Amino acid sequence: MTAEALAHLAPRPGGVYCDATVGCGGHAEQILLASAPDGRLIGVDCDPEALVIARERLRPFGRRFLPLHGRFGDLPALLDSVGVGQVDGILADVGVCSAQLERPERGFSFQRAGPIDMRMDPGQGETALELILRLDEKELADILHAYGQERRARAIARALRRAAAAGTLTDTLALAEVAGRAAGGRRGPRDPATRTFQALRIAVNDELRQLDQLLLAAPRCLRPGGRLVLLAFHSLEDRIIKRRLRELSTSSGGPPPLRLLTPRPVWPSAEEVATNPRARSARLRAAARTEQGAELAFHTSGGGSHAP
Ligand SMILES: C[S@@+](CC[C@H](N)C(=O)[O-])C[C@H]1O[C@@H](n2cnc3c(N)ncnc32)[C@H](O)[C@@H]1O
């Protein structure tokens, strides 16, 4: 979806952009190329390992690239910390990176053994195992249901709590085994623990609340005409994006802060899905900051609750 993301972000020379999920720097590199010779890019990521990779990859761009460690839910403060009030475009490609999924020591993989961690920022907050140990069975089931859309949430929660208490939840393979069995075993191409892993990861990283905070803060971080481009990989994320963009681009008395550029989500092309099957569920939505409307964003920023 790089071409689609670039087309909606419309980077140009002299512009200042923010990639709120810089990851390994793939999109960032294209933004820097498209805004040559003097466009600048602030690349935010909460994963220090991703920032190391991005910094290395984007070294040829010199001072045009500025890596910034933090969570995109705090975007106004992050931009403030580097003396940037507003930017000409914000891109967020939310979710996990393949580099994170592929490193078993990060704890996202149910195919290779690693610690039950799943924190995108290993320096912040509790691990997935700590979460399982802290929550009671009902709270855990609610998370599996809300964030994993898992129908067997209660049975899985019970099995996970038991295994954790017995000390047998030793690594991600054990987690996949216990969750998969309680989910009823394999019935299709997908690992039966997929939904459990997704739910725990979303909870550990507070992903939906972060996304909502970013959406609410984005209008005041954008210059008039500035673009907001969002790439989501599952329906939970896309639902929040769709709802907030609609709200922020609808007049409720005053001029709305955003103008919707995508009445319908943009999907990857068949060619892209053929070469990269992981892209098949990606969806892109975009909006532009209006001339007058940033004030409204302050009044709608009551924040949503994403606790299950
Ligand atoms: C799908 S990857 C982005 C890949 C990137 N577009 C590229 O071209 O390499 C998502 C990235 O967002 C980061 N991330 C997820 N939630 C975040 C948050 N709340 N704040 C900052 N970064 C976050 C992850 O650490 C990960 O590196």
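Coordinate-derived values only; no laboratory data. Please read these numbers as outputs of a predicted model, since none were measured by experiment. Every residue, glycine as well, gets a Cβ built from its backbone with ideal geometry; the counts of neighbours run over all protein chains shown.
Working only within the range 47-62, note down all residues that are touching a helix residue (DSSP H, G or I) at 6+ places or on another chain (Cβ under 8 Å) and either of a type in the set (D, E) or within 12 Å of the ligand (Cβ to nearest atom) (or both).
Once the filter is applied, which keeps residues that are touching a helix residue (DSSP H, G or I) at 6+ places or on another chain (Cβ under 8 Å) and either of a type in the set (D, E) or within 12 Å of the ligand (Cβ to nearest atom) (or both), the range 47-62 yields D47, E49, A50, I53, A54, R57, L58.
Quick one: is L75 within 14 Å of the ligand (Cβ to nearest atom) and crowded, with 20+ Cβ neighbours inside 10 Å?
yes
Only one of (1) over 21 Å from A199 (Cβ atoms); (2) outside any strand (DSSP E or B); (3) more than 16 Å from the ligand (Cβ to nearest atom); (4) not aromatic (F, W, Y) is not met by A279, so which one is it?
Of (1) over 21 Å from A199 (Cβ atoms); (2) outside any strand (DSSP E or B); (3) more than 16 Å from the ligand (Cβ to nearest atom); (4) not aromatic (F, W, Y), only one is false for A279: (3).
Assess whether T21 counts as being of a type in the set (S, T, N, Q) and either surrounded by fewer than 22 Cβ atoms within 10 Å (Cβ to Cβ) or away from the ligand (no atom under 12 Å from the Cβ) (or both).
Judged against the criteria, T21 is not a match.
Does any residue in the range 12-36 that is without any contact (Cβ under 8 Å) to a residue 12 or more places away in the chain come within less than 9 Å, Cβ to Cβ, of a residue that is more than 13 Å from the ligand (Cβ to nearest atom) six or more places away or on a different chain, and which pairs are these?
Within 9 Å, the pairs are L33/P11; L33/F61.
Go through (1) more than 12 Å from the ligand (Cβ to nearest atom); (2) over 30 Å from R280 (Cα atoms); (3) crowded, with 20+ Cβ neighbours inside 10 Å one by one and return the number of the condition S35 breaks.
Just one mismatch for S35, condition (2).
Which residue pairs have Cβ atoms under 7 Å apart, sit 6 or more places apart or on different chains, and have a first residue in the range 148-177 that is without any contact (Cβ under 8 Å) to a residue 60 or more places away in the chain and a second that is outside any helix (DSSP H, G or I) and among the acidic types (D, E)?
I156/E150
Got at least one residue in the range 83-91 being touching a residue at least 60 places away in the same chain (Cβ under 8 Å) and within 8 Å of the ligand (Cβ to nearest atom)?
Within the range 83-91, one or more residues are touching a residue at least 60 places away in the same chain (Cβ under 8 Å) and within 8 Å of the ligand (Cβ to nearest atom).
I'd like to verify a number: residues in the range 162-183 that are at positive phi and part of a helix (DSSP H, G or I), how many?
Residues that pass the stated criteria total 0.
Could you list, in sequence order, the residues of the range 124-148 that are surrounded by fewer than 18 Cβ atoms within 10 Å (Cβ to Cβ) and assigned to a helix (DSSP H, G or I)?
Result: E130, L133, R134, E137, K138, E139.
Yes/no per residue for (1) outside any loop (DSSP other than H, G, I, E, B); (2) more than 20 Å from R151 (Cβ to Cβ):
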| residue | (1), (2) |
| --- | --- |
| G185 | no, no |
| G188 | no, no |
| D212 | yes, yes |
| L215 | yes, yes |
| P224 | yes, yes |
| L228 | yes, yes |
| I241 | yes, yes |
| T262 | no, yes |
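So how many residues does the range 178-224 have that are in contact (Cβ under 8 Å) with a residue 60 or more places away in the chain and among the β-branched types (V, I, T)?
So the answer is 2.
Being farther than 22 Å from R162 by Cβ and more than 22 Å from the chain's Cα centre (by Cα), is that true of even one residue in the range 119-133?
No, the range 119-133 contains no residue that is farther than 22 Å from R162 by Cβ and more than 22 Å from the chain's Cα centre (by Cα).
For the range 143-185, give me each residue that is among the charged types (D, E, K, R) and under 28 Å from the mean Cα position of the chain (by Cα).
Result: E150, R151, R152, R154, R161, D171, E177.
Which of the numbered conditions does G70 fail, given that it passes all the others? Conditions: (1) without any contact (Cβ under 8 Å) to a residue 40 or more places away in the chain; (2) of a type outside the set (S, T, N, Q); (3) buried (at least 19 other Cβ atoms within 10 Å of the Cβ); (4) touching a helix residue (DSSP H, G or I) at 6+ places or on another chain (Cβ under 6 Å).
Failed condition: (3).
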